[in-house]
Amino acid sequence: MCGIAGFLTSEAWSEDQLERQALRMSDAISHRGPDGDGAWCDEAAGIAISHRRLSIVDLSSSGSQPMTSACGRLVMVYNGEVYNFSELKTELTALGVQFRGTSDSEVILEGFAKWGIEETVKRLIGMFAIAVWNRDNRQLTLVRDRLGIKPLYWGSNGGLLLFGSELKALKAHPECPTALDHNAIANFLRKGYVNAPNSIYSGVNKLESGCILTHESGKQPTISRYWSMHDVALQGMDQIDTRDENKIVDALEELLSDSIKMRMVADVPLGAFLSGGIDSSAVVALMQKQSARPIKTFSIGFEEKQYNESHHAASVAEHLGTDHTEMYITAKDALDLIPTLHTMYDEPFADASQIPTFLVSKLTRQHVTVALSGDGGDELFAGYERYFEAEKYQRLFKQPAFARNIEAGVLGSIPPRLLQKASQLLPDKLGRKFHPTRMKRLHRILRDGHPLSLYQQFLWRLDNDHDLQCSLINPAVIHDPVWDRARSQHFDSDFNMMQYVDAQDYLTDDILAKVDRASMAASLEARVPILDHRVVEFAWRLPEHMKVRNGQGKWALREVLYRHVPRELIDRPKMGFGVPIDEWLRGPLREWAENLLSRESLKDTGVLNVEVIRERWQQHLKGSWNWQYHLWDVLMLQDWIVSNKH
């Protein structure tokens, strides 16, 4: 696990200038690789690439980067882990390739030299962001793994092309574009993250997952796909697995076990995150099954009981016999961490579980260098509660359009304050049905009448696109390729449609971005075995009843887990990895929030609607309305903008 950076310029730079600038870029992401650094440049070509190393496999100098191929033609920097490198090394050795060390980096590079870049990438099992310079034809190639587990930014500015693992690496170059992309801000306010291919800056992009970018000086970069979640989903739905249920569960366990076994290879201490939920428990159970010693497991708890799952994790750990460590988070822990979030995530990011994710990564790094994570189970095996909540609304689309329009008109005419009052006075279960947010969502669903729009309402965080934005932002022109592709595609079921959207968008740009930045900020390598592309392809071939049954998701994954952990330790309502933001904003985080949400601060940033935000902040403080998620989005955006102005 490492960090990469570099640039290709058409201007005349000396070799010394190139090297110093490349090292400045990699120094900006030194947390990703505290064990070493290096740079390589070619003055005649105007290319400079640099690397920060976190030593995991082959701790010797033979694994150092930048690395030059044995033939001298290719130079590479690489961030990630490829787990089938031993098998590939055997193939290459049989073809006459001689290796100097034992790293996966060298295997990848010699594969590029022997088989070509795209052909080699298609053989790789793992997570990776790679930059390769071809000295013969002066071509720069950037590659990102199939699921987007490892980040890779790139940007162009005239005759300059920049790339890096994080935005801060690009910003270390004096010519990096830094003009705010206001449509990216609008999308952030909808989702809580900036989705690929955009970044918060105009002129800087995220290379999308499964893509290869090639660039030669003086020409426009070209991007191609070598793996597509879209194609995998469509092929999977056309090739549904029709085997006996037990055989399918057997096959899933075998595949997951192999994926986990591959990810347990390391020359440094290794452990796993354990929340006590289905995904992490399944990963830990299959790890422990394949280990002769107790696996080291780590979890986070909260003093607020409604958010605390640590006792569930402890019960699973005790049953499996792991060496378990847990830590309880307080509001002070959050307060101490929050001022660093804008540097950790580089661009506005508002998934509040970013806080416990970093803290559990920090805790874990005190004991091990590599940790396996259970991320990906919800998207692949239909685990989110919102899938089932959205399904309840599907019957509304069976009504005639005129009936839906009448109902939408009635709902739209009810004042939100009246709905808020009703939701507070009625018993809990009935009151939740009349919550203003739920009613507004229902109003939009009835008005639009498209299943994808229904799911959009469950994901988007704003009731009105214009609520929080100033006139600089025009939501009407926002282009969202994932939603466009999903709207044009026919899905066999609404569950497939929702999983498709999440796997293409939310998984990569929220979940995986969160885990990567949080773990790398602690110099910890996080591995995600459920997101082995072979598991992804297997999951898309599952019939729906193998994922969804009796009002629950993850049926096949549960069946694998129940072979190792009793049902009573697992079967309970899903909590997620939430944090008590609402209480903290009224308490220990209030002063920090008030500074960012003051009229002066909001006017100074010039992006957000001052009056709307001030009103919502006052309502939240009084307890008359819970705006925690909207306010957290605003605070993360404000904090990022304010911090980047200085």
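Restricting attention to segment 549-577, which residues are in contact with a strand residue (DSSP E or B) (Cβ under 9 Å, 6 or more places away or on another chain) and at pLDDT below 90?
First pass over segment 549-577, keeping only residues in contact with a strand residue (DSSP E or B) (Cβ under 9 Å, 6 or more places away or on another chain): 555, 558, 571, 577.
Within segment 549-577, 571, 577 qualify.
Residue check: is residue 392 under 33 Å from the mean Cα position of the chain (by Cα), modelled with pLDDT of 65 or more and surrounded by fewer than 18 Cβ atoms within 10 Å (Cβ to Cβ)? Explain how you work it out, then say what you get.
Details: under 33 Å from the mean Cα position of the chain (by Cα): yes; modelled with pLDDT of 65 or more: yes; surrounded by fewer than 18 Cβ atoms within 10 Å (Cβ to Cβ): yes.
Criteria met by residue 392.
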From the options 170, 147, 162, residue that is in a helix (DSSP H, G or I) and within 25 Å of residue 341 (Cα to Cα):
170
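Where in segment 431-505 are the helices (runs of 4 or more DSSP H), entirely inside, with at least 1 residues that are of a type outside the set (A, V, I, L, M, F, W, C) and at pLDDT 75 or above? Walk me through it before giving the result.
Details: elements: 436-448, 451-459, 481-488, 494-501.
Those helices (runs of 4 or more DSSP H) span 451-459, 481-488, 494-501.
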When every residue in segment 295-305 that is modelled with pLDDT under 90 and assigned to a strand (DSSP E or B) is compared, the one surrounded by the most Cβ atoms within 10 Å (Cβ to Cβ) is 300
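Give 72, 80 a once-over and let me know the one that is small (Gly, Ala, Ser) and in a loop (DSSP other than H, G, I, E, B).
Numbers: 80 fails: in a loop (DSSP other than H, G, I, E, B).
When all the criteria are applied, what remains is 72.
Suppose the filter is of a type outside the set (Gly, Ala, Ser), under 30 Å from residue 159 (Cβ atoms) and either part of a helix (DSSP H, G or I) or assigned by TED's automatic domain parsing to the domain that holds residue 164 (or both); does residue 24 pass it? Spell out the reasoning first.
Numbers: of a type outside the set (Gly, Ala, Ser): yes; under 30 Å from residue 159 (Cβ atoms): yes; either part of a helix (DSSP H, G or I) or assigned by TED's automatic domain parsing to the domain that holds residue 164 (or both): yes.
Yes, satisfied.
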On the given criteria, is residue 565 outside any helix (DSSP H, G or I) and either over 23 Å from the mean Cα position of the chain (by Cα) or charged (D, E, K, R) (or both)?
yes
Within segment 222-275, track down each residue that is within 28 Å of residue 490 (Cα to Cα), over 25 Å from the mean Cα position of the chain (by Cα) and free of Cβ contacts under 8 Å to residues at least 24 places away in the same chain.
238, 243, 244
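For a quick check of your reading: which helices (runs of 4 or more DSSP H) sit entirely within segment 306-389 and have at least 3 residues that are within 15 Å of residue 284 (Cα to Cα)? Lay out the reasoning, then the answer.
Working: elements: 310-320, 331-345, 354-365, 377-381.
By residue number, 310-320.
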Exactly one condition in (1) closer than 30 Å to residue 372 by Cα; (2) modelled with pLDDT of 95 or more is false for residue 18; which is it?
(1)
Residue check for residue 266: assigned to a strand (DSSP E or B) and either modelled with pLDDT of 95 or more or farther than 24 Å from residue 502 by Cβ (or both)
no
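Considering only segment 488-541, state which residues are β-branched (Val, Ile, Thr) and closer than 16 Å to residue 283 by Cβ.
511, 515, 528, 530, 535, 536 - these are the residues of segment 488-541 that are β-branched (Val, Ile, Thr) and closer than 16 Å to residue 283 by Cβ.
The values are calculated or read from the model by the stated rules, or taken from the named source; none is laboratory data. Fair warning: this is a prediction, and the values are worked out from it, not measured in the lab. Neighbour counts are summed over all protein chains in view; Cβ atoms, including those assigned to glycine, are modelled from backbone coordinates with ideal geometry.
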